[in-house]
Amino acid sequence: MVYISRTEHFNAAHRLFNPNWSDEKNAAVFGPCANHNWHGHNFELIVTVKGVPNPDTGFVIDLKVLGDIIKRDIIEQVDHKNLNLDVPFMQGKMASCEIFVMEIWRILEHALAPVSEARLHRIRLYETPKNFVDYYGE
């Protein structure tokens, strides 16, 4: 099994808050991330797929194809957007990185299936240089 990765960058804003809680409880749990006026990040998305290299091409997947899928189905939907307000696949969901990465997985898994035998292995999403989440589809 060979694992290959593609990295993309995007900028987005979000707010962490639970609408069922008071402003005080949201502030106590989420701190400044519950700011009514949102806050933003320079995200880094690393998508890792796995598979057996095709004997004719030597590729697990053509990285241009993988990049095009990520750009079309994720980056164009989220770049310079507010995750809470502007991104249809995040509507009604907590805009935490944990939930966000699970939604990205769902979309990419569906988009990859018809074009490649490669399967998602991991999605790593950096919110800041110090904070990131990994998701393995489990």
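Rule-based calculations on the coordinates, nothing more; no lab input. Note that the structure is predicted; figures quoted are calculated from it, not measured. Glycine also receives a Cβ, built like all others from the backbone with ideal geometry; neighbour counts cover every protein chain displayed.
The table below gives the values:
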item: Long-range tail of P(r) for the range 1-89 (Cα pairs > 21 Å, %); result: 49
item: Length gained when the stretch Asp62-Asn11 is fully extended (0.36 nm per residue, less Cα-Cα span); result: 15.8 nm
item: Length gained when the stretch Tyr136-Asn35 is fully extended (0.36 nm per residue, less Cα-Cα span); result: 33.3 nm
item: Length-normalised contact order of the range 12-138 in % [C-alpha pairs under 8 Å, at least 6 apart]; result: 31
item: Qualifying lysines (Cα of each under 27 Å from Cα of Lys81; at least 8 residues distant if same chain); result: Lys25, Lys64, Lys71, Lys93, Lys130
item: Spin-label pair Lys93/Glu109, simplified geometry with 7 Å Cα→Cβ offset, distance in nm; result: 1.2
item: Angle in degrees between helix 97-112 and the longest Cα principal axis of the chain, rounded to the nearest 10; result: 30
item: Length released on extending from Asn54 to Asn20, taking residue separation times 0.36 nm less the Cα-Cα span; result: 7.2 nm
item: Choice from Trp105, Trp38, Trp21 showing the highest fluctuation, given a GNM over the chain with Cα pairs closer than 10 Å; result: Trp21
item: The chain: most fluctuating residue of Pro88, Pro114, Pro53 per GNM, C-alpha cutoff 10 Å; result: Pro114
item: The range 1-59: relative contact order in percent, alpha carbon pairs under 8 Å with at least 6 residues between; result: 51
item: The chain: calculated mean residue ellipticity at 222 nm from DSSP helix runs of at least 4, using -39500 (n - 2.57); result: -7000 deg cm²/dmol
